[in-house]
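S.K.: My structure is below; once you've seen it, I'll send some questions.
The values are calculated or read from the model by the stated rules, or taken from the named source; none is laboratory data. Source: prediction; values computed, not measured. Don't worry about glycine lacking a Cβ; one is built from the backbone with ideal geometry, like all the others, and counts go over all protein chains shown. When the accessible area is computed, the model is the full protein with side chains, heavy atoms only, and any ligands, DNA or RNA have been set aside. Shrake-Rupley method; radii C 1.70, N 1.55, O 1.52, S 1.80 Å.
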Amino acid sequence: MLIGLDCAEPSLVLDRWRDELPTISGLMERGSYGRLTSVIPPITVPAWSCMMASKTPGDLGVYGFRNRSDHTYDGAFIAMGDAIRAPRLWDYVTRAGGSSIVLSVPGCYPPRPLNGVMVGCFLTPSIESKYTYPANLRDEIEEVVGEYLFDTKDFRTDDKEYLLRQVYEMTDRRFRLAEHLLSTRPWTLFAMVEMGPDRMHHGFWKFMDPEHRKHEPGNAYETAILDYHRYADGLIARLLEHADDETVVFVLSDHGAKRLDGGIRINEWLRREGLLTTLAEPEGVSSLRDVGVDWPRTTAWGEGGYYARVFLNVRGREPEGIVEPEDYETVRADLARRIVAIPDDAGNPIPTAVYTPEELYEEPQGVPPDLIVVFGDLLWRSVGTIGGDEGVQTLENDTGPDDANHAQDGLYVVAGPGIEPRGRADAHLLDIAPTVLELLGIEEPPGLRGRSMLAALRA
């Protein structure tokens, strides 16, 4: 039984709030738990698919929600489920003759056939979509929970009461459906992911964290995130009633969360450095799409997000590339050195890390970024806008109010038959799938990137 809590932060769940969460702390006492180092980038897409397949983002050719489909300037795709070609846990269970319940695991829309049932994830476009396998499960879901909520409609909003209602309603319906499926379907593997913790962190972190620059002591939402975790902990207790003496239970997150200090406007910085030229001068804060890029005069461009993806405009690779192939490595290294030196809004250095895809992934597939930039140990995010009165640094997110960024480490808790109460032991996200396969007695296929934790869990 895999219970996923998107963005659950280990410092809160495993430490600070442990005594507030009796269900999870009970599992911790009976088994093993710790930080779960995520992939780079530590974001929902592709991290859950990486966990379930034990493959890196480079293996999957998925480097985020939006990806380049080719080396043109406009070719892009959204990483829906059909972008994930590697087998995931339920595929191996199906091949071994077992059955699975897969509920809203990111990377599962559109759903694919399996021995069991599958319900689409937060990327499902609408309730009218064909979001279930088998197809007739959709009618059953409507009878059980009414309108199924894949996600909150807008988690980057100033209307916090609206957001709270959305998150609680979504979570309640997801867990009600989970209980129904556990009660009515046979299963060898149960895997679900709840998006609520992620939406709460992005929407309410500043109210909780005194170190957040926008924190106001005594605000009405100081305990909103804790209250939600208490609520989710109670719902997990109800799921555990469906776990018998032979069931191993995991509680998992794909990454953690931390306060957001601000954003680095990567394209504005490139513009000021003379590395990106636009066709028109931006009138106020603009996107590159608004003003157009003068490609024959542009060396590099980037994208906003939890981390920055920076691409070089290479002659013979991009349609109007200007970086000579023989100069590529020199230009890339120089650009990385300069990006690392970008300071915060007070002129102080921040611990930025810049990676090449070859450093992170053995054989990067698809069209990886030329540089992968993690600003300020993820206390800063990448913002793609240009122009306006702001400088390179901004205290506002370009896609709406956001209090938190992702942290590199998620968490795991595991308990059940054969799992010794060994306390804290950190692990890697890629180790989860090999561990589950060994628990189920399914031969591990070649090429998985992680290693089974089971010998250590039983020691």
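S.K.: For region 250-265, what are the residues that are open to solvent by 10 Å² or more (accessible area, probe 1.4 Å) and either free of Cβ contacts under 8 Å to residues at least 12 places away in the same chain or aliphatic (A, V, I, L, M) (or both)? Outline the logic, then answer.
M.R.: Taking region 250-265 and keeping what is open to solvent by 10 Å² or more (accessible area, probe 1.4 Å), we get 258-261.
The answer is LEU260, and nothing else.
S.K.: Can I ask one more? From the list GLY416, GLY376, exactly one residue is in contact with a strand residue (DSSP E or B) (Cβ under 6 Å, 6 or more places away or on another chain) and of a type outside the set (D, E, K, R). Which is it?
M.R.: Working: GLY376 fails: in contact with a strand residue (DSSP E or B) (Cβ under 6 Å, 6 or more places away or on another chain).
Testing whether each residue is in contact with a strand residue (DSSP E or B) (Cβ under 6 Å, 6 or more places away or on another chain) and of a type outside the set (D, E, K, R) leaves just GLY416.
S.K.: I'm trying to understand the selection: among the residues of region 432-456, which are open to solvent by less than 30 Å² (accessible area, probe 1.4 Å), touching a Ser or Thr at 6+ places or on another chain (Cβ under 8 Å) and part of a helix (DSSP H, G or I)?
M.R.: ILE432, ALA433, PRO434, THR435, LEU437, LEU454
S.K.: If you don't mind, another one. State which residue is nearest to ASN397 (Cα to Cα) when the search covers only region 125-157 and only residues that are touching a His at 6+ places or on another chain (Cβ under 9 Å) and of a type in the set (D, E, K, R).
M.R.: As a first pass, look at region 125-157 and keep what is touching a His at 6+ places or on another chain (Cβ under 9 Å): 140-141, 144-145, 155-156.
Add one more test, that the residue is of a type in the set (D, E, K, R), and what stays is 140, 156.
Working: GLU140: 40, ARG156: 9 Å.
Per the criteria, the residue is ARG156.
S.K.: Within region 353-380, which residues are within 15 Å of PRO42 (Cα to Cα), open to solvent by less than 20 Å² (accessible area, probe 1.4 Å) and in a loop (DSSP other than H, G, I, E, B)?
M.R.: Residue satisfying the conditions is TYR361 alone.
S.K.: Go through (1) over 30 Å from ASN219 (Cα atoms); (2) open to solvent by less than 10 Å² (accessible area, probe 1.4 Å); (3) out of contact with any strand residue (DSSP E or B) (no Cβ under 9 Å at 6 or more places or on another chain) for CYS121 and report which single condition fails.
M.R.: (3)
S.K.: Looking at (1) surrounded by 15 or more Cβ atoms within 10 Å (Cβ to Cβ); (2) farther than 17 Å from LEU182 by Cβ, which is the only condition GLU281 fails?
M.R.: Of (1) surrounded by 15 or more Cβ atoms within 10 Å (Cβ to Cβ); (2) farther than 17 Å from LEU182 by Cβ, only one is false for GLU281: (1).
S.K.: Taking region 312-344 as the search range and keeping residues that are among the acidic types (Asp, Glu) and over 27 Å from the mean Cα position of the chain (by Cα), which one is most open to solvent (accessible area, probe 1.4 Å)?
M.R.: GLU326
S.K.: Something else about it: Is there any pair linking a residue in region 23-41 that is free of Cβ contacts under 8 Å to residues at least 40 places away in the same chain to one that is part of a helix (DSSP H, G or I), with Cβ under 8 Å and at least six apart or on different chains, and which?
M.R.: Listed pairs, sorted by first residue: SER25/ARG18; SER25/ASP19.
S.K.: Here are GLU179, GLU161, GLU128: which of them is out of contact with any Gly (no Cβ under 9 Å at 6 or more places or on another chain) and in contact (Cβ under 8 Å) with a residue 40 or more places away in the chain? Even if it seems obvious, please write down each step before you answer.
M.R.: Values: GLU161 fails: in contact (Cβ under 8 Å) with a residue 40 or more places away in the chain; GLU128 fails: in contact (Cβ under 8 Å) with a residue 40 or more places away in the chain.
The unique qualifying residue is GLU179.
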